[in-house]
Structures are given as structure tokens and as C-alpha cells.
């Protein structure tokens, strides 16, 4: 892309910006920032084949950044290299007893299973007695089209009503836990598209193996098409499903129990075999951490959490780098742009009804994260950031935030609460979710805070400035490099048996998601092994949730 070619798109960009922004000034700023990004890209020698498409992508991203700033929503990331805490659902679908249905009831149920294209016309004509001409006039359709749809609708009803009746089989809806890698959208998409909706969960499961029609989904789940259609439309619009012709299919990878635990024992064994040698390097890094000024200013609980974060992050990144060598993983900017400003890949894990995940073998070793986001100009601070992993091996973090609310709101509330405790400033309390304030005991149990003898809350989450954050991440990065180099050949023995995905989504699922379970349990297994041998956190009984609050106070 040449500069002249880029500048030639300015009018087109302005047209797009005006349609998005509330004011002419905002639109001008948006276009100006987009053009500046283009100039920087040209100077860096970035190869851009289609100037208009590239610039529009940049403009859209900057627009959503503008919205986030306007509504004080940070660009939050969840598990750029792994999955975020899973969304559990508990609702139970209601079975319909088909025994003893009258012929009229069977007819009405069959009509309900027709798609809207045919259902509306069949209902108008046969249930409300409307003539073909009136239907055509009211729906703005040619009469021949109405007649054709009536005929096809009758054929579908006849086929349904004359089919041999199968014995009623038990139907227990499954659970589908949704996770993401990347940046979520403004309204917590894609999580909010499914949330606690058992119907949406099972539609996604049913449409995973191959494309299906909506009537086929309706029959499979036992709910009329009229109720299925809006759910499917929402999932298609939110990009969890795709529609091709009259069929839809789930457009993200879904793991089953076997996929989740296929190499768990291998990872546990490897952690046991390598623990002694790996820990020599880990202990060297911990000694260096303990000498840092930012470590020395933490209280004992905060210091232990910094150590836990260091160990988990360093080991985790080392094995992820080896995984990505095999599977490949683009940068965060290669994640697909989604509607509502997100850039993410979704993942799902299916479980049978009433499955107790806490008793499953993988629950002890699973890791969720790294998750985080920075908030600018909030509560008198220039920047506040909350970063965490979630794992039983050390302690819960964002899986416990659900007691406060949805993803983004919960993280913001927790961050405000921790910052208020840090500042010992009661004037911040009105800005904190009342739901969080009623759940303070949860955060005491997690050892985020504790109560003094006088009842005052004391912060037990480590606090680092943004400059100290850079030092801390540089230290973790250095030891991650060491572990990756020293144990590369051992780590790579885990990276095998990728999950196979249906052919219709192969182009949409990056390979790293197919390999995601091959090494994800290793860091927790190593921590358990080290603790059992007395190498790490010896005699320490409190939780050590890997969580850090980063703060830059405005001058």
C-alpha cells in the first residue's frame, strides 16, 4: 500500500466513521487516527494488499476502543494462550410427554416444527381461515408463492404425521461450558450469548458434528421451531453459529470428556519425572524475585502470591511456547475481529447432565487464564489493572468473581474493591457493587483480604506499579526462556493426539485449540509435586491465588 493509495480512502473512511460516531468531531478523530496507523504501517514495511479492507479493520477496532473509553470498559483479555474460567449452567429443560397426544395436538405440534417460511402461511390459512389472496396482500407476496408454500407446508406436515412413531427415549440435556481465548466483546460476548441458557447449549451441541436444518434441531431437542429460531438467530448473529443455505452449524471447537483428559496422566508423570531438575531453575528465579525491591515491600501473604504467580506463569509460558511450535499460534492481533468489538476464539466443553466437575480428574489440574485488563483514570488513579490465573493448585480467582456479576462488571467491581482496601478510602465504597460488599467473606476465604483484630480490612493481594510490572514480567519471561530451552525435548513429548474437528469448521479453528489440552495440566501437576516434596510453600496452609493488582497513581 502506497501513501497516495491510503489517502485516497479518506472520504470512504469518513463516510463509515460518520455512520458510527455521535459527532462530526469524533468521526474526524477516528479517521485521523486510522490514517496515522496506516502511515506507521507503511514506514514499517507492512505488506498490505487491500488498503480499504485494512483501513476499515483498523477504524472498527479504534471505534470499539473509543466506546470502551466512553463507557469505562477496558480491553480485557482472557487466556490468550488458554481458556478462561468456564461458564457452568444448572437449569434443567422440561421434557414433554408425547404419550396420549390427540390428533389435533399432534397436528399443532407438527405445525410448530415448521420453519417460519411455511408456518406463518399454514397457520393463517388453516387455523385462521384466511384466503390465499388476503395472505398474499398482507405479507406482500405473489399469490403463487403463497400457494407454493402452502403445498410444501402440507407435504411436510403429511410426512411428519404419517411417520412411524418411535418409542419415547429419555432426553437429558447436557451442559456446555463456554470459554474463550482473546478479547471479549462489549457485552461480554460470546459468553453472554449462551450464559445460563440450556437450550442454546444443546442447540450448539446438536449442530456441531454436521450442518442441520432448524426443523431437524427442533425435532432433536423437542421444542417447536418457533422457539428455536430466535435462539439460532442470536447464535448466528453472535458468530457462535454459521448459516449456509437452510442449514446451520456450530462454528467453534467442542471438547468432550475424553478430549479433556486424554493426556492428563502423561502430564502428571512428566511433572513427577522433571520436578527436581525444573525446580533448580525455578528456585534460582525465586531467589532473584525475593531480592527485588517490589517483593520486599509486600506483606507475607502478598509475597507468597507473587511467588505463586512467578512459578505458574514461568512454567506455563514455557510449555505453551513448545506447544505453539508444534501447533502454531498467531499473535493477539491475528484473532478474528468480531461484532461488538471482540477478537476471540470460542471453545466449549460438554458434560452430561448433573455432572459434578469438582469431582472430575481434570478439575484439580485445570488452569484458567491469564486474564486481565487495565482501567484508566479511575478512582483517582492513572491506571489500575487486575491480572490473575485460576487454578486449584494455588487458589481460585476469577471463577469466584461470579458471585458479583457478569465477567466485565465483576472484574471491575473486584478491582475497585481491592483498590479501596489498598487506599483505605471509604469514599470509594459507593462506586463498588453492593453485591460484592455482601460477599466480602468470599474474598476473605480466598485470602484476597483479611480482617484485623479491630475489624479493618487488610489487602493480601500484591501491589505493583506499572514499572514494577515490567520488571516482574521480564523476570518471568527470562526464566520461561530457560525452562523452554532446557526442557524442550521433554515438553514436546506431551504435544500429541490433537482433537479432531468436523470438516465444516476446520478452516475456522486454529491448530493451537486442537492441542490445548495436551499440556495445560502440566504446570499445576508440577506445583503439586513440588509442594508434596517440600520444595515450594512448605508449611504454608493459606490459599495462594495467583492475582496481582497493578496501580499507577496520578500525580
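What follows is calculated from the coordinates using simple rules that are stated; it is not laboratory data. This structure is a prediction, so every number in the text was calculated from the model and none was measured. Note: ideal-geometry Cβ built from the backbone for every residue, glycine included; neighbour counts use all protein chains shown.
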* **From the coordinates shown, Rg and Dmax of the Cα atoms in Å corresponds to which of [x] 25.4, 80; [y] 31.2, 124; [z] 27.3, 86** => [z]
* **Residue-span extension gain [residue 32 to residue 490] - 0.36 nm each, minus C-alpha spacing** => 159.9 nm
* **Contour minus Cα-Cα distance for residue 454 and residue 376 (0.36 nm per residue)** => 24.8 nm
* Structure fact -> For the pair residue 427 and residue 23, the simple spin-label estimate (label points 7 Å beyond Cα toward Cβ) gives in nm 2.8
* Structure fact -> Under the 7 Å Cα-to-Cβ spin-label approximation, residue 497 and residue 478 lie apart by a distance in nanometres of 3.8
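If neighbour count is taken as other Cβ atoms inside 10 Å, put 368, 19 in order from fewest to most.
Working: 368 22, 19 8.
Fewest-to-most Cβ neighbours within 10 Å comes out as 19, 368.
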* **Cα-projected label distance for residue 471 with residue 445, points at 7 Å along beta-carbon direction, nm** => 3.6
* **Value of [θ]222 nm, deg cm²/dmol, for the chain, DSSP H segments ≥ 4, -39500 (n - 2.57) each, nearest 500** => -14500 deg cm²/dmol
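Normalised by the residues of the stretch 175-257, what does the relative contact order come to in percent, with Cα pairs under 8 Å and at least six apart?
Averaging sequence separation for qualifying contacts and normalising by length gives 30 percent for the stretch 175-257.
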* Before anything else, pin down the relative contact order of the chain: Cα pairs under 8 Å, at least 6 apart, normalised by residue count, whole percent. => 20
* Structure fact -> Both in Å, the radius of gyration and Dmax of the C-alpha trace of the stretch 258-553 are 19.7, 63
* Asked: Once both axes come from the Cα atoms, what is the angle between helix 522-532 and the longest principal axis of the chain, in degrees from 0 to 90, rounded to 10?
  -> 40
* Using the number of other C-beta atoms within 10 angstrom as an exposure proxy, rank 11, 390 with the fewest first. => 11, 390
* Please give the contour-minus-distance gain from residue 541 to residue 10: 0.36 nm per residue of separation, less the Cα-Cα distance, rounded to one decimal in nm. => 185.0 nm
* Asked: Once the Cα atoms of helix 103-112 and of the chain are each reduced to a long axis, what angle between those two axes, in degrees from 0 to 90 to the nearest 10, is obtained?
  -> 60
* To do: Go ahead and run the numbers for FRET between residue 300 and residue 3, Cβ-Cβ distance against an R0 of 56 Å, rounding to 0.05.
  => 0.45
* Structure fact -> In degrees, nearest 10, the alpha-carbon axis of helix 466-486 is tilted away from the dominant principal axis of the alpha carbons of the chain by 90
* To do: Within 10 Å of each residue's Cβ, count the other Cβ atoms and sort 519, 56, 403 from fewest upward.
  => 403, 56, 519
